[in-house]
Amino acid sequence: MSNNTRITQRDLRHVWHPCTQMKDHEQLPLIPIRRGAGVWLEDYDGNRYIDAVSSWWVNLFGHANPRINAALRDQLEQLEHVILAGFTHEPVVRLSERLVKITPEGLDHCFYADNGSSAVEVALKMSFHYWRNVGNRKKTRFVCLSNSYHGETLGALAVGDVALYKETYEPLLLQAITVPGPDCYHREPGQSCAEHARVMFEHMERTLAEQGEEICAVIVEPLVQCAGTMRMYDPEYLRLLRAACDSYGVHLIADEIAVGFGRTGTLFACEQADISPDFMCLSKGLTGGYLPLSVTLTTGKVYEAFYDEYTNLTAFLHSHSYTGNPLACTAANATLDIFEQDNVIENNRRLAQVMKEATAHLNDHPHVAEVRQTGMILAVELVKDKATREPFPWQERRGLRIYQHALANQALLRPLGHVSYLMPPYVIDEEQIHHLAKVMHEGIDLACVD
Ligand SMILES: *Cc1c(COP(=O)(O)O)cnc(C)c1O
């Protein structure tokens, strides 16, 4: 029995894995990872894999990054955790100062949680509570975009629109208003993404005009709907949305949990539209992929609406046990140090160009409808029929063939349905990108044969 098998047999007796039909593992081997270094993961049999999905989009500067490791070792000797109500610590103070400085103008207050979904819950609750605190009790609803994803907890799921994750739980969920979004995949032939965004914005404009009085906030994933199979849209939509939210008196929540920290080519995606949201949710890359931490940033105006005598009961009485964990904040500070010390955004521009060139030939593939890219996210949409864009039936699970081919060829490429994508750590090199592109191409060929 191999070392891998020894561990996975034990695993399958007791571990229930996320986002997994466990029965799949009767066929599909689970892979136990012994160690990581840079872009590489290594299993217990010595096989190696390039982590092309950044371990679910969290890792920025590689596994076992020496600088983040060193910072964590130091912090570990000082303080592992302390309650953040009534107490504080230097790592959370420093992180908050820095986040306020690097995020769009006006986001001056940081509220921490320990995962992305919770950051979204915080934003939704805070927005609703703000309106109550300022005496408006009519606002109880939230608007989201079609194909959006904001997490798995019930509140976050309610403002999402990926049926696969949501449908089962529908009877439990608050009723969000879902507006057709600007996903550029659906543009008319010859139309630009900016034009498509303007046309699609009419749906949003109408919703806000008709129902603005009952709406607390609009929540969006700026520029890329990652869980919604890496669908992308033009910054023009965000500019129009910011202006409309202002004129109809509705908050704008930017969920940059996946796209933040350089993924779209700028430190934050909102920068490309030159807008500031009323709330910004960050997680995933926040700690460089080391530890669970999330933050919801908001404005002085929102903060002030909660700031009052205790007995007026306007405080935001939300908490999580591990809020602002010092080790997680230290990993986040070390991650921001790397952004400060290295020319990350600049270097990524070159890597993004390499990703583009290495996959360009896929545009001619008979089963590829689109190769799209925003910064360090590149996605390839597989279809049954290139001309009509008819998708492969989802039941065929052709993406799994890409996944398995990649595993046999030193790559972790985990498709989303029939979309194969690259979202690698920023420490990847050109040769590794070319290897991933080659493996992806072979995997796509295998996935498309009958
Ligand atoms: C991953 C993700 C979330 C949820 O974060 P978790 O830490 O998985 O709860 C929310 N929004 C977006 C855009 C995400 O990609």
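Considering only residues of the stretch 132-148 that are in a loop (DSSP other than H, G, I, E, B) and not β-branched (V, I, T), which is nearest to the chain's Cα centre (by Cα)?
Among them, the one singled out is S148.
Looking for something in contact with an Asp or Glu (Cβ under 6 Å, 6 or more places away or on another chain) and in contact (Cβ under 8 Å) with a residue 60 or more places away in the chain - is there at least one such residue anywhere in the stretch 148-160?
Looking through the stretch 148-160, at least one residue is in contact with an Asp or Glu (Cβ under 6 Å, 6 or more places away or on another chain) and in contact (Cβ under 8 Å) with a residue 60 or more places away in the chain.
Taking the residues in the stretch 244-262 that are assigned to a helix (DSSP H, G or I) and open to solvent by 20 Å² or more (accessible area, probe 1.4 Å) as candidates, determine which candidate is farthest from the ligand (Cβ to nearest atom). Let's see the steps before the verdict.
Our first condition is that a residue be assigned to a helix (DSSP H, G or I); within the stretch 244-262, this holds for 244-248.
Pick out the ones that are also open to solvent by 20 Å² or more (accessible area, probe 1.4 Å) and you get 246-248.
Values: D246: 23, S247: 26, Y248: 24 Å.
Only one residue fits best here, namely S247.
Any idea which of Q404, Q410 is touching a residue at least 40 places away in the same chain (Cβ under 8 Å), at positive phi, assigned by TED's automatic domain parsing to the domain that holds W57 and of a type in the set (S, T, N, Q)? Lay out the reasoning, then the answer.
Values: Q404 fails: at positive phi.
Every option except Q410 fails the conditions.
Do any residues in the stretch 291-318 that are closer than 30 Å to H63 by Cβ have Cβ atoms under 9 Å from those of residues that are open to solvent by 60 Å² or more (accessible area, probe 1.4 Å) and at pLDDT 95 or above, where the two are at least six apart or on different chains, and which pairs are they?
Filtered contacts from the stretch 291-318: P292/Y322; L293/Y322; L297/D108.
Inspect all residues belonging to the stretch 214-234 and state whether any of them is closer than 19 Å to C110 by Cβ, open to solvent by less than 10 Å² (accessible area, probe 1.4 Å) and more than 12 Å from the ligand (Cβ to nearest atom).
yes
Residues that are at negative phi, in contact with a Cys (Cβ under 9 Å, 6 or more places away or on another chain), more than 15 Å from the ligand (Cβ to nearest atom) and open to solvent by less than 60 Å² (accessible area, probe 1.4 Å): does the stretch 151-167 have at least one?
There is no residue in the stretch 151-167 that is at negative phi, in contact with a Cys (Cβ under 9 Å, 6 or more places away or on another chain), more than 15 Å from the ligand (Cβ to nearest atom) and open to solvent by less than 60 Å² (accessible area, probe 1.4 Å).
Within the stretch 346-373, track down each residue that is touching a helix residue (DSSP H, G or I) at 6+ places or on another chain (Cβ under 8 Å) and assigned to a helix (DSSP H, G or I).
L351, V354, M355, A358, T359, H361, L362
Only one of these is touching a strand residue (DSSP E or B) at 6+ places or on another chain (Cβ under 9 Å), open to solvent by 50 Å² or more (accessible area, probe 1.4 Å) and either closer than 26 Å to P425 by Cα or not assigned by TED's automatic domain parsing to the domain that holds L157 (or both): A119, A64. Name it.
Details: A119 fails: open to solvent by 50 Å² or more (accessible area, probe 1.4 Å).
Just a single option satisfies the conditions, and that option is A64.
From (1) open to solvent by 30 Å² or more (accessible area, probe 1.4 Å); (2) among the polar types (S, T, N, Q); (3) under 21 Å from the mean Cα position of the chain (by Cα); (4) away from the ligand (no atom under 16 Å from the Cβ), pick out the condition that doesn't hold for T88.
Failed condition: (3).
Select, from L241, L286, the only residue that is away from the ligand (no atom under 15 Å from the Cβ) and either open to solvent by less than 20 Å² (accessible area, probe 1.4 Å) or in the same structural domain as V427 (by TED's automatic domain parsing) (or both).
Numbers: L286 fails: away from the ligand (no atom under 15 Å from the Cβ).
Testing whether each residue is away from the ligand (no atom under 15 Å from the Cβ) and either open to solvent by less than 20 Å² (accessible area, probe 1.4 Å) or in the same structural domain as V427 (by TED's automatic domain parsing) (or both) leaves just L241.
Can you name the residue in the stretch 38-54 that is in contact with a Lys or Arg (Cβ under 7 Å, 6 or more places away or on another chain) and either in a loop (DSSP other than H, G, I, E, B) or at pLDDT below 95 (or both) and is also surrounded by the most Cβ atoms within 10 Å (Cβ to Cβ) among such residues?
Within the stretch 38-54, the match that is surrounded by the most Cβ atoms within 10 Å (Cβ to Cβ) is V53.
Return yes when L317 is out of contact with any Ser or Thr (no Cβ under 9 Å at 6 or more places or on another chain), at positive phi and exposed (fewer than 12 other Cβ atoms within 10 Å of the Cβ) and no when it is not.
Numbers: out of contact with any Ser or Thr (no Cβ under 9 Å at 6 or more places or on another chain): yes; at positive phi: no; exposed (fewer than 12 other Cβ atoms within 10 Å of the Cβ): yes.
So L317 fails the test.
Quick check on this structure: which one of R35, R10 is modelled with pLDDT of 95 or more and outside the structural domain of L407 (by TED's automatic domain parsing)?
Working: R35 fails: outside the structural domain of L407 (by TED's automatic domain parsing).
Only one candidate passes the filter, namely R10.
The values are calculated or read from the model by the stated rules, or taken from the named source; none is laboratory data. The model shown is predicted, which means the values in this text are computed figures rather than measured ones. Quick reminder, even Gly has a Cβ in these numbers, built from the backbone with ideal geometry, and neighbours come from all protein chains shown. These accessible areas exclude ligands, DNA and RNA; they are computed on the full protein's heavy atoms, side chains included. Shrake-Rupley method; radii C 1.70, N 1.55, O 1.52, S 1.80 Å.
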